[in-house]
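Below is one structure, written out as structure tokens, with a few remarks after it.
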Amino acid sequence: NAGVTQTPKFQVLKTGQSMTLQCAQDMNHEYMSWYRQDPGMGLRLIHYSVGAGITDQGEVPNGYNVSRSTTEDFPLRLLSAAPSQTSVYFCASSTLRQGIIYEQYFGPGTRLTVT
Amino acid sequence: GQSLEQPSEVTAVEGAIVQINCTYQTSGFYGLSWYQQHDGGAPTFLSYNALDGLEETGRFSSFLSRSDSYGYLLLQELQMKDSASYFCALARGSTLGRLYFGRGTQLTVWP
């Protein structure tokens, strides 16, 4: 199993550009999520999904879109990049036991810089 | 809403025992998790407490007291490789579970 994979590992964007961060998992997990991590801020939830076709907003969703057309894939789209979106982005997946997240598996992260 | 408080830094020497505390304010939650993250790496799961009490996994133990709104991660027989950031996280949500993370504690282990 590859676990959770993310591409690209590094990306530099100019203000106003759009792009998609890719995330895939091969563990058949229902739950997938995107976090951003900024220095001293911990991990903040952007969007999450509990299954194909079902997504919802987390703590900091503005400026980001997601979709979940398959169980395996959960791409994150930046609509119009801003310097405030410079961050490290982690995708994670987990099973749900009666709706509860017990253990999340994280991808290696995408380091995004917006100039 | 919810908030989780952790010390920003903790230092200890090899072979020692260290406790990383996590206090929280929330209206309700399912459980408290702990994750480890080495510099430049991805967070990895350490433990989950659904009920009050101690959960032990090898050199690591985690404790939860809902009545005190408090939990901790206990690391024994510290090794240099334990130098990392440690995050507590609350599993909560209305109809669906979410994880809310603390800001993390940087543990430095000295030889």
**Request:** Please find, within region B:57-74, the residue that is surrounded by the most Cβ atoms within 10 Å (Cβ to Cβ) out of those that are touching a strand residue (DSSP E or B) at 6+ places or on another chain (Cβ under 6 Å) and small (Gly, Ala, Ser).
**Result:** B:GLY71
**Prompt:** In region B:3-15, which residues are open to solvent by less than 30 Å² (accessible area, probe 1.4 Å) and farther than 24 Å from B:LEU90 by Cα?
**Reply:** B:ALA12
**Prompt:** Taking region B:36-47 as the region of interest, how many residues are in a strand (DSSP E or B), facing another protein chain (nearest Cβ under 9 Å) and open to solvent by 30 Å² or more (accessible area, probe 1.4 Å)?
**Reply:** 2
**Message:** Being open to solvent by 10 Å² or more (accessible area, probe 1.4 Å), within 11 Å of chain B (Cβ to nearest Cβ) and modelled with pLDDT of 95 or more is the filter here; which residues of region A:85-104 pass it?
**Reply:** A:VAL88
**Asked** Hey, any hits in region A:56-71 for a residue that's farther than 28 Å from B:SER8 by Cβ and within 12 Å of another protein chain (Cβ to nearest Cβ)?
**Response** yes
**Request:** Among the residues of region A:25-54, write down those that are open to solvent by 30 Å² or more (accessible area, probe 1.4 Å) and more than 11 Å from chain B (Cβ to nearest Cβ).
**Result:** A:ASP26, A:MET27, A:ASN28, A:ALA52, A:GLY53
**Message:** When you check B:GLU77 against the structure, is it open to solvent by 20 Å² or more (accessible area, probe 1.4 Å) and modelled with pLDDT of 95 or more, yes or no?
**Reply:** yes
**Message:** B:PHE60 - would you say it is free of Cβ contacts under 8 Å to residues at least 40 places away in the same chain and either among the polar types (S, T, N, Q) or on the phi < 0 side of the Ramachandran plot (or both)?
**Reply:** yes
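The values are calculated or read from the model by the stated rules, or taken from the named source; none is laboratory data. Keep in mind that this is a model prediction, so the values were computed, not measured. A quick note on method: Cβ atoms are made from the backbone with ideal geometry, for glycine too, and the neighbour counts reach across all protein chains shown. These accessible areas exclude ligands, DNA and RNA; they are computed on the full protein's heavy atoms, side chains included. Shrake-Rupley method; radii C 1.70, N 1.55, O 1.52, S 1.80 Å.
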